[in-house]
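What follows is a short report on a single structure.
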2 protein chains.
Amino acid sequence: MGEALQGLKRTIMCGEVRESNIGESITVMGWVQRKRNLGGLEFVDLRDRTGILQVVFGDEINSEAFNKAGAVRPEYCIAVTGEVVKREAPNNNIPTGMVELKAKYIKILSESETPPIYIKENLDAAENIRLKYRYLDLRRPDMQNIFKIRHRATKAVRDYLDNNGFLEVETPILTKSTPEGARDYLVPSRNYPGMFYALPQSPQLFKQLLMVSGFDKYFQIAKCFRDEDLRANRQPEFTQIDLEMSFVEADDVMALNEGLIAHVFKEVLGVEVKLPIKRMTFKEGMEKYGSDKPDLRFGMEITDLTEVVKFAEFKVFADAIANNGSVRALNLKGGASMGRKDIDRLGEFVKTFKAKGLAWIQLKENEVKSPIAKFLKEDELKNIINTMNAEDGDLILIVADKNSVVFQSLGQLRLELAKKFDLIKDKNEFNFTWITEFPLFEYDEEEGRYFAAHHPFTMPMDEDIEFLTSEPGRVRAKAYDLVLNGEELGGGSIRIHDTKLQEKMFEALGFTTESAWEKFGFLLEAFKFGPPPHGGLAFGLDRMIMFLAGTDNIKDVITFPKNQNAFCYLTEAPNVVDEKQLTELGIATVKNEK
Amino acid sequence: MGEALQGLKRTIMCGEVRESNIGESITVMGWVQRKRNLGGLEFVDLRDRTGILQVVFGDEINSEAFNKAGAVRPEYCIAVTGEVVKREAPNNNIPTGMVELKAKYIKILSESETPPIYIKENLDAAENIRLKYRYLDLRRPDMQNIFKIRHRATKAVRDYLDNNGFLEVETPILTKSTPEGARDYLVPSRNYPGMFYALPQSPQLFKQLLMVSGFDKYFQIAKCFRDEDLRANRQPEFTQIDLEMSFVEADDVMALNEGLIAHVFKEVLGVEVKLPIKRMTFKEGMEKYGSDKPDLRFGMEITDLTEVVKFAEFKVFADAIANNGSVRALNLKGGASMGRKDIDRLGEFVKTFKAKGLAWIQLKENEVKSPIAKFLKEDELKNIINTMNAEDGDLILIVADKNSVVFQSLGQLRLELAKKFDLIKDKNEFNFTWITEFPLFEYDEEEGRYFAAHHPFTMPMDEDIEFLTSEPGRVRAKAYDLVLNGEELGGGSIRIHDTKLQEKMFEALGFTTESAWEKFGFLLEAFKFGPPPHGGLAFGLDRMIMFLAGTDNIKDVITFPKNQNAFCYLTEAPNVVDEKQLTELGIATVKNEK
């Protein structure tokens, strides 16, 4: 049963009624949060987007309304007209708690069955039920608050960029499939049977073309698509704050984006981000934190012990060093209290990152305990302890291996220990850093070739260009990531704006000239006509909202998210379609062998 | 060749340099619009997004810069440093025309081949060339101006709706295929081979679910997709300003949207839209203008002659009236000067809209000439002339047929005559009107059933609900379109918020309960849990920008549009993809028989 309003008008929102409204006749509309009968009166907590207002029905206030109110149940949608009065027993927990509404008229706008999930904060229902009844899940005030934050954040982004001369420009969703990147979602074409559009993984090529067009400063809050097996906190469609600027260098792009981030955090949370944001090279990030997205809310940096133990006879150290690897360690202050079993567990932990083992030195009650002590000379042991600045009560944790393994295992161990020992003191801290001078390429051992670490349009650093084909591994990129509390918030680069250099880049990535032109010919062609120097950046909006809203679940910041298999419990998409539709597209489904 | 900036910084945009900058040293960057050698000096018109600045190179100003400038050609991208000086021969046609830049340094940032299209206003190149080299086409100042307008318009939309309590919310692009509407674009699923997502034709269902969730006021500037054979000014992907409100009636939605439109036209064009915007029922629109989107910039209303000629013995009139049709006419003031051939051409014109013919009465030099005069009594002829308010020099054009044919043919004829005789006097006028009380259903004679005129979620008018299944043809909807200068700018309705009524609606549309639940079950289910009364509207953003920018080609307002076959000349999408991609999706292409 759904009733039309027939001229009835809402005059104020539930959450906005205050003592200043006492004596006024108002009409509110919303949902019944709960109803209780007390002393012959019916008390209804009425909820809308702005909050809750207590409504009281009584036989002596208005007997028709009172009788009608008897029938309402939670989540009924109702309209109530009445008089605002001072509340006898104020509720200081809600902004409307000083007043209540004496109901003189009620209209039931629609009824509700018993909802399958409770409409309350911090709900702990099964995820698939929450997603199936997402429209009820979204009634919860904490969910609505997230989408208010999302709205305010995107508004702040647009205001800031508009004020800074950027034009918001839409680029196509139906576009061309390109390799080098994630798997594309495809869209069969009806006009050209057997051919396909692809949904964009990002507007990268289009925004570069807009720079060639002289748009100068572009941005877009853009939907992007990747058909990947979903890791936690990934969704098949996600949103990027995407921007690009002409006639700039890396410093210009970084400065602009610092300003943007500071504006958003100020507008949404009232938090002042201290500018300029500090910077760290990729090399420093790896050496000190074993990560290109270091969490800087706590210290415990990695220390290089290679020099200290380079003559040690301990085979594990010697082998690592001989193979161009290194010996590095963390000092866990106060960690000496850990039991043997717990330390062994840390050893298991680093093995998941391919480390062969974890050596340790315990400084406990002025004694040095270590399973590797016997392999080390006394001064070597002393040197390690000195280099690590270790004192009584500390635990030194050492990995010796090739560098990539040392960095990853100690970097992950550092984060694990921070969690275990609660090393992050200020949970409300937002610790930003830029990471710069990324390697241009990453070597894939399985495929035996180099891949673009960022993407194939990234400009190498001027001083490294000469090594592009001879020593790709040492070429650094004009690329920069903005890292917040150990997560990548966004990243970008200065782009190549030269056909020859772009071709050389594709060559380094194993493309033939022909295949590069086949896939990216329109960009290479565009670069023949006076492309400007340009660069940009993209932020993951969903992740930014997660930070602003204080949630670690990406599904919380997307209105209608999909599950790990890219399935929507609400609409049951994907689903079967009519054969006729497929025939028109010139495709057929085939039974998969698996 | 693309050069990096290496620390060189732009200090001002080309179009912003003024007399107040005289004496300053500035650096500008942009494209060479043209270069000419005059009196031993090189004059370069340098262009960026903001305009053009004249740069002068001379051997005596700086001989190195002068020599380098000799090599530049149109569309080279360059940076120039120099001193702003007063221009000897001012150019009053451009804002920078009082000054010029004496160049002391030039850096060629990239070279350009001869562009295949000219970079100038009002270009008349072949469309496929413009689309293939779209990045050059977009360099033209008039194209850039359109995208500045588009940016300002969407900014104005967002500011206004934000100020009015709306939340901008994103809804999914990968969703479920639904029938009843246009053809969906499909996206094969890799996780569920044989199943498909569909790209949304609009966010209709999601925005209604957001109302069920209590979001209260939603908007989105949303990409929508329809796989239709493209008529002129349609694109496979297009953009909607989409909004929805809870606890409202039609008047509330219309008032809000009038305010929105007025704000946008004021912000972008400085035009004051007079509010409230006038309203007209669908019935009045059809009877007076033969259209549900009448162009009100000129009069020449249709007049009903049925009563006047109801006893006439003229068979064409009598038959039309006997078959529940009508006899209606236009009076073309001053049209009596038309020759017989031209009038015959109008007859051919109305035949394309299924009219059997066009009767006419010419009042010329105080004589009445008409091929049908012989079939009419003298007083019938006189009555027609009186009813039409016709005077000497006028031409009366009459169609007799069933009403739908009469309305369409006279409505189209009215527009045709307006064009031919230049009846729209003020080309800058924006003449808005609301059309209300649309029929809920349209009868499709071919399929022999009713279709939803708007969409199946539209609320019938309260007083017509009783006829929903008995007499669908007479049921009017709580629907409204905003019409501007004869084009539909947007449309919306109050929605059904009742499971039973929604089911009844689907029944009237020929769905079984089962098939309705299969397709729209999640909406019907949602309505069980206290849905609020709600309604909304969607504007076609692309069309709105066409009005604001004064262009009648939709491709002008989309950065990278597709052609009539949904093909992109620039990227050559759609295109073939690897077999491997199709195998992963569990689909194969099949040869089409046609």
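The values are calculated or read from the model by the stated rules, or taken from the named source; none is laboratory data. Since the model is a prediction, treat every value here as computed from it, not as a measurement. Because the Cβ atoms are built from the backbone with ideal geometry, glycine has one as well, and the counts that use them run over all protein chains shown. With ligands, DNA and RNA removed, areas are computed over all heavy atoms of the protein, side chains included. Shrake-Rupley method; radii C 1.70, N 1.55, O 1.52, S 1.80 Å.
Brief remarks follow.
- Residues of region A:200-231 satisfying the condition of being closer than 17 Å to residue A:566 by Cβ and either of a type in the set (Gly, Ala, Ser) or within 7 Å of chain B (Cβ to nearest Cβ) (or both): A:223, A:227
- In region A:184-200, the residues that are more than 23 Å from the chain's Cα centre (by Cα) and open to solvent by less than 10 Å² (accessible area, probe 1.4 Å): A:186, A:187, A:188, A:189, A:196, A:197, A:198
- Among the residues of region B:437-456, those that are of a type in the set (A, V, I, L, M, F, W, C) and over 12 Å from residue B:508 (Cα atoms) comprise B:438, B:453.
- Just one of (1) surrounded by fewer than 20 Cβ atoms within 10 Å (Cβ to Cβ); (2) of a type in the set (A, V, I, L, M, F, W, C); (3) in contact with a Gly (Cβ under 8 Å, 6 or more places away or on another chain) fails for residue B:430. It is (3).
- Residue in region A:33-45 that is within 14 Å of chain B (Cβ to nearest Cβ), closer than 30 Å to residue B:535 by Cβ and touching a residue at least 60 places away in the same chain (Cβ under 8 Å) present: yes
- Residue check for residue A:538: under 34 Å from the mean Cα position of the chain (by Cα), crowded, with 21+ Cβ neighbours inside 10 Å and either within 7 Å of chain B (Cβ to nearest Cβ) or not aliphatic (A, V, I, L, M) (or both): no
- Sub-6 Å Cβ pairs linking a first residue in region B:486-513 that is open to solvent by 10 Å² or more (accessible area, probe 1.4 Å) to a second residue that is among the aromatic types (Phe, Trp, Tyr), at least 6 apart or interchain, are B:499/B:527, ordered by first then second residue.
- Single unsatisfied condition, residue A:545 versus (1) open to solvent by 10 Å² or more (accessible area, probe 1.4 Å); (2) under 11 Å from the mean Cα position of the chain (by Cα): (1)
- In region A:327-351, the residues that are open to solvent by 80 Å² or more (accessible area, probe 1.4 Å), free of Cβ contacts under 8 Å to residues at least 60 places away in the same chain and not acidic (Asp, Glu): A:337, A:340, A:341, A:345, A:351
- Residue A:486 vs. criteria at pLDDT 90 or above and more than 30 Å from residue A:431 (Cα to Cα): no
- Within region B:448-485, being among the aromatic types (Phe, Trp, Tyr) and away from chain A (no Cβ under 14 Å) holds for B:450, B:451, B:467, B:480.
- The listed residues are B:584, B:579, and the only one of them that is in contact (Cβ under 8 Å) with a residue 12 or more places away in the chain, closer than 27 Å to residue B:192 by Cα, in the same structural domain as residue B:223 (by TED's automatic domain parsing) and open to solvent by 10 Å² or more (accessible area, probe 1.4 Å) turns out to be B:584.
- Of the criteria (1) surrounded by 18 or more Cβ atoms within 10 Å (Cβ to Cβ); (2) within 23 Å of the chain's Cα centre (by Cα), which one residue B:477 fails: (2)
- Only a single criterion out of (1) more than 34 Å from the chain's Cα centre (by Cα); (2) in the same structural domain as residue B:143 (by TED's automatic domain parsing); (3) not charged (D, E, K, R) is not satisfied by residue B:569, namely (1).
- Residues that are within 29 Å of residue B:110 (Cα to Cα), open to solvent by 10 Å² or more (accessible area, probe 1.4 Å) and assigned to a loop (DSSP other than H, G, I, E, B), drawn from region A:201-229: A:201, A:202
- Residue that is buried (at least 21 other Cβ atoms within 10 Å of the Cβ) and either outside any strand (DSSP E or B) or at the interface with another protein chain (Cβ under 8 Å from one of its Cβ atoms) (or both), where the choices are B:129, B:173, B:117: B:173
- Residue list for region B:516-529, restricted to those being without any contact (Cβ under 8 Å) to a residue 24 or more places away in the chain and either closer than 30 Å to residue B:434 by Cβ or not charged (D, E, K, R) (or both): B:516, B:517, B:521
- Check on residue A:206, closer than 24 Å to residue A:451 by Cβ, at pLDDT 95 or above and of a type in the set (A, V, I, L, M, F, W, C): yes
- 2 or more residues under 23 Å from residue A:220 (Cβ atoms): qualifying helices (runs of 4 or more DSSP H) within region A:493-550: A:513-526, A:541-549
- Cβ-Cβ distances below 6 Å connect the following pairs, each with a first residue in region A:438-459 that is under 21 Å from residue B:2 (Cβ atoms), a second residue that is of a type in the set (S, T, N, Q) and assigned to a strand (DSSP E or B), and a separation of six or more residues or different chains: A:454/A:493; A:458/A:493.
A quick yes/no check of all residues on (1) more than 16 Å from residue B:301 (Cα to Cα); (2) open to solvent by 10 Å² or more (accessible area, probe 1.4 Å):
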| site | (1), (2) |
| --- | --- |
| B:371 | yes, yes |
| B:377 | yes, yes |
| B:386 | no, yes |
| B:396 | no, no |
| B:402 | yes, yes |
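- Test: residue in region B:409-425 that is within 14 Å of another protein chain (Cβ to nearest Cβ) and open to solvent by less than 60 Å² (accessible area, probe 1.4 Å): no
- A residue that is open to solvent by 70 Å² or more (accessible area, probe 1.4 Å), of a type in the set (Ser, Thr, Tyr), under 21 Å from residue A:531 (Cα atoms) and in contact with a helix residue (DSSP H, G or I) (Cβ under 7 Å, 6 or more places away or on another chain) occurs somewhere in region B:95-106.
- Long-range neighbours under 8 Å by Cβ, at least six apart or interchain, first residue within 7 Å of chain B (Cβ to nearest Cβ) within region A:103-114, second open to solvent by 10 Å² or more (accessible area, probe 1.4 Å) and of a type in the set (Lys, Arg): A:111/A:73; A:112/A:73; A:112/B:528; A:113/B:528
- Check on residue B:162, outside any loop (DSSP other than H, G, I, E, B), of a type in the set (Asp, Glu) and at the interface with another protein chain (Cβ under 7 Å from one of its Cβ atoms): yes
- Yes/no for residue B:572 being at the interface with chain A (Cβ under 9 Å from one of its Cβ atoms), surrounded by fewer than 21 Cβ atoms within 10 Å (Cβ to Cβ) and closer than 24 Å to residue A:213 by Cα: yes
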